[in-house]
Ligand code: SF4
C-alpha cells in the first residue's frame, strides 16, 4: 500500500501524527510529514487511522 500526503491541503491540525505517530511526523511549523512512502502490512491500521482522522482529506492511501 502506498500513502500520499497533499501538503497543500494540510492545515497542521496534528490529528494524523497524534493518532499514528509511527506513520506521520511533523515539521518545524507543525505540518504533517510522512515517515514512509510505502505502508507495510504492520503499518496499515495506523495509516488508515491517521488518514481517516484528517479533517482536510489530505492523506490518501492506495493499494499497490
Ligand atoms: S490531520 Fe491532516 S491537516 Fe492535520 S496535520 Fe495531519 S495531514 Fe495535516
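Once the Kirkwood radius over Cα pairs is known for the chain, the Stokes-Einstein relation at 20 °C and 1.002 mPa s delivers a diffusion coefficient of 190 µm²/s. You can think of it this way: the chain between residue 37 and residue 6 has 9.9 nm of extra reach, that is 0.36 nm per residue less the Cα-Cα gap.
Entry note, the chain: the mean residue ellipticity at 222 nm calculated from DSSP H runs of n ≥ 4, each adding -39500 (n - 2.57), is -5500 deg cm²/dmol after division by the residues and rounding to the nearest 500.
With 0.36 nm allotted per residue and the present C-alpha distance subtracted, the residue 22-residue 56 stretch has 10.2 nm of extension available. Relative contact order for the chain: what percent, with Cα pairs under 8 Å and sequence separation of 6 or more? Relative contact order of the chain: 47 percent.
Where a number appears in this text, it was derived from the coordinates with a stated rule and is not lab data. Everything numeric here is computed off the predicted structure, so don't read it as measured data.
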